[in-house]
Amino acid sequence: MAALVALGLAFPLVGHRLEDSVNGLSLGYRFDWVAIGVAAVFFGRLTIGLLGGVPRIAAFDRLKGLRMDWLGWVLAAIAIALPFLPFADRNLIDKATLVLIYVMLGWGLNVVVGLAGLLDLGYVAFYAVGAYSYALLSLYFDLSFWVCLPLAGLFAAGFGVLLGFPVLRLRGDYLAIVTLGFGEIIRVILLNWQSFTGGPNGITSIARPSFFGLVFSADPPEGRMAFHQALGIDYSSLHRVMFLYFLILALALLTNFVTLRLRRLPIGRAWEALREDEIACRALGINPTTTKLSAFAIGAMFGGFAGSFFATRQGFVSPESFTFIESAIVLAIVVLGGMGSQIGVVVAALLLIGLPEWFRDLQLYRMLVFGLAMVAIMLWRPRGLLSHRDPTILLSEMKR
Amino acid sequence: MMLTVEGLVAAYGRIEALKGVDLTVAEGEIVALIGANGAGKTTLLMSLCGRPRAKAGRIRLLDDDIAHLPTFAIVRKGVAIAPEGRRIFPRLSVLENLRLGAVTADPAYFDSDLKRVLGLFPRLKERLDQRGGTLSGGEQQMLAIGRALMARPRLLLLDEPSLGLAPLVVRQIFDIIAAIRAEQKVTVFLVEQNAHHALRLADRGYVMVNGRITLSGSGAELLANPEIRAAYLDGGHG
């Protein structure tokens, strides 16, 4: 069965290839490749069938029992120390920043998908709203990053509620389709509202954030003090990279902190209850409308924060950055990490964003490896890498 | 009257499940509604909670008309339900389930309410950190009732509390319902197929057939009624 599916997929995708020959472009055939692929899938599936399931890997099983408390602290400590490590160069910090953006997006989406159980395929829309709110606010009103950050969060939350209203009655697949459409609508608007958003050209030269009024630049503008002058050290372009890194780290940790707190509050518990059983929720006097809208709004707000950070880091935004594939990657991070697991998101983001970045040299094969990794994870850990869910309150805490 | 239902009509699409139901439940009473499969018992309980919504007729809780309120608002007026099939949250712990029951209650009462509910259901106390889904059927029913009690209801609605439980556990559950009324001064309206147990427990009972109330009387009267014995009791129910 699996081999047939693979054949169907591989035949047009792998089997044909455009060849540049003397007569211009012509179609080439690579059926040997198709055969290899199909055979691999066939035997892979057969082995799994013969073994009566996937062999258990002890290391994966051990993940289950592990207390995750210390892992979180260790990861946080590594993240803080990273820029000061001897091998940390500009490249590494840049990549770590990128990973952190996705960690933050993953945590934001986790509120919607992992906690409230609302499948959102258009999460990138809020990322875009955040990025464009900052870009436009700084362009038209000359507002600084620190003013725009909360505004961008608010705008994104507003859009979250806007999306939330029409989809309140939908669940599962239907909800996914509508959110997918919403994500595309936002992108298409950004693309076509040329006079306001710059259309496909995007917005360039977005202001960089400052550190308590200190700018990161070799020769600061009149009346402003530069970071390196204030500290009395030599100018280095690395300062800005490190500053951006710490900024996103702080934002991400804030996201995590808020989410963890929310889970322990009645609203967080209501989200989880809504994911489990909507009818029971109504019967307990939980208002599903406001509960869902709040999940959308809070998730969107974090997306908006991440978006405005993205805009300020790049100094440039265009609709190109907010395609559906971004939503898909963020969703994959959440699902792979184990729905609702905060540390799972970090691990999955490292895997999905970090690995392809580090193996850029192997460009051609990285999507193949990516796909294989996904298949492997779904076979061994069908509920996500770290699917363990801690109760929000424990008996021991109640005894006091 | 705690609850007054007058001429209640409710429908699923074009199929009328309730064809004009009148009944009352006085404060502090236990009232049982019995009837065969598909008579409309569960529909009545559900439409007291606003879903399906009443097409005609009135539902009054004390002096408020609640027929047109959304479910969550009705619950906030002091109606709690342990729904059919229990509907506990399987992946949340027992304690979290109980906490969710208390979302509409004043948090100041939480600790004392929890103690009282766990006093009624000592089995739950042993399992507070366990996931709801890992409980046995009887324990899940206890959790559903306990969760409803955490809302500090004035009126407790129970939908088939004995469904799918062993006879011994059924007896336990009914003993606890009696204790709830005695200790907590909660009015109880329960729907049951297990007519024998329900009528023995209840002060009064109603019999429902095809979306209408056909008989009513005290629990003892109905138990002694030959028609009822033939229809609902001699069928082998313990």
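The values are calculated or read from the model by the stated rules, or taken from the named source; none is laboratory data. These numbers were taken from a predicted model, which means no experiment stands behind them. We place every Cβ from the backbone using ideal geometry, glycine too, and count neighbours over all the protein chains shown. Accessible surface areas use protein heavy atoms only, side chains included; no ligands, DNA or RNA. Shrake-Rupley method; radii C 1.70, N 1.55, O 1.52, S 1.80 Å.
Scanning segment B:84-96 for residues that are open to solvent by less than 10 Å² (accessible area, probe 1.4 Å) and at the interface with chain A (Cβ under 7 Å from one of its Cβ atoms) yields B:89, B:92, B:93, B:95, B:96. Scanning segment A:162-192 for residues that are open to solvent by less than 50 Å² (accessible area, probe 1.4 Å) and either closer than 29 Å to residue A:209 by Cβ or assigned to a helix (DSSP H, G or I) (or both) yields A:163, A:164, A:172, A:175, A:176, A:179, A:181, A:182, A:183, A:186, A:190. What's the total number of residues in segment B:97-113 that are at the interface with chain A (Cβ under 9 Å from one of its Cβ atoms) and buried (at least 24 other Cβ atoms within 10 Å of the Cβ)? So the answer is 3. Considering B:138, B:133, B:146, which residue is within 14 Å of chain A (Cβ to nearest Cβ), in a helix (DSSP H, G or I), touching a residue at least 24 places away in the same chain (Cβ under 8 Å) and surrounded by fewer than 23 Cβ atoms within 10 Å (Cβ to Cβ)? Only one candidate qualifies: B:133.
Within segment B:35-72, restricting attention to residues that are among the small types (Gly, Ala, Ser) and in contact (Cβ under 8 Å) with a residue 60 or more places away in the chain, the residue that is nearest to the other protein chains (Cβ to nearest Cβ) is B:40. Assess whether residue B:79 counts as being more than 8 Å from chain A (Cβ to nearest Cβ), closer than 30 Å to residue A:290 by Cβ and within 18 Å of the chain's Cα centre (by Cα). When the stated conditions are applied, residue B:79 passes them.
Candidates are the residues of segment B:183-201 that are surrounded by fewer than 18 Cβ atoms within 10 Å (Cβ to Cβ) and under 16 Å from residue B:154 (Cβ atoms); the one that is modelled with the lowest pLDDT is B:184. Do the conditions hold for residue A:195, that is, is it open to solvent by less than 60 Å² (accessible area, probe 1.4 Å) and over 24 Å from the mean Cα position of the chain (by Cα)? No, not satisfied. Can you spot a residue in segment B:170-180 that is over 14 Å from residue B:35 (Cβ atoms) and part of a loop (DSSP other than H, G, I, E, B)? Checked against the condition, which is being over 14 Å from residue B:35 (Cβ atoms) and part of a loop (DSSP other than H, G, I, E, B), segment B:170-180 yields no hits at all. Could you check, for segment B:158-168, whether at least one of its residues is touching a residue at least 12 places away in the same chain (Cβ under 8 Å), touching a helix residue (DSSP H, G or I) at 6+ places or on another chain (Cβ under 6 Å), farther than 27 Å from residue B:54 by Cβ and open to solvent by 20 Å² or more (accessible area, probe 1.4 Å)? Yes, segment B:158-168 contains a residue that is touching a residue at least 12 places away in the same chain (Cβ under 8 Å), touching a helix residue (DSSP H, G or I) at 6+ places or on another chain (Cβ under 6 Å), farther than 27 Å from residue B:54 by Cβ and open to solvent by 20 Å² or more (accessible area, probe 1.4 Å).
Pick from segment A:284-334 the residues that are free of Cβ contacts under 8 Å to residues at least 60 places away in the same chain and within 30 Å of residue A:355 (Cα to Cα): which of them is surrounded by the most Cβ atoms within 10 Å (Cβ to Cβ)? Among those residues, the one meeting the criterion is A:332.
Based on what the data block shows, is residue A:88 without any contact (Cβ under 8 Å) to a residue 24 or more places away in the chain and outside any helix (DSSP H, G or I)? For residue A:88, the condition - without any contact (Cβ under 8 Å) to a residue 24 or more places away in the chain and outside any helix (DSSP H, G or I) - is met. For segment B:202-212, the tally of residues that are surrounded by fewer than 20 Cβ atoms within 10 Å (Cβ to Cβ) and among the aliphatic types (A, V, I, L, M) stands at 1.
Name the single residue, out of those in segment A:237-283 being surrounded by 18 or more Cβ atoms within 10 Å (Cβ to Cβ), among the small types (Gly, Ala, Ser) and more than 17 Å from the chain's Cα centre (by Cα), that is farthest from the other protein chains (Cβ to nearest Cβ). Step by step, filter segment A:237-283, then rank; the result is A:268.
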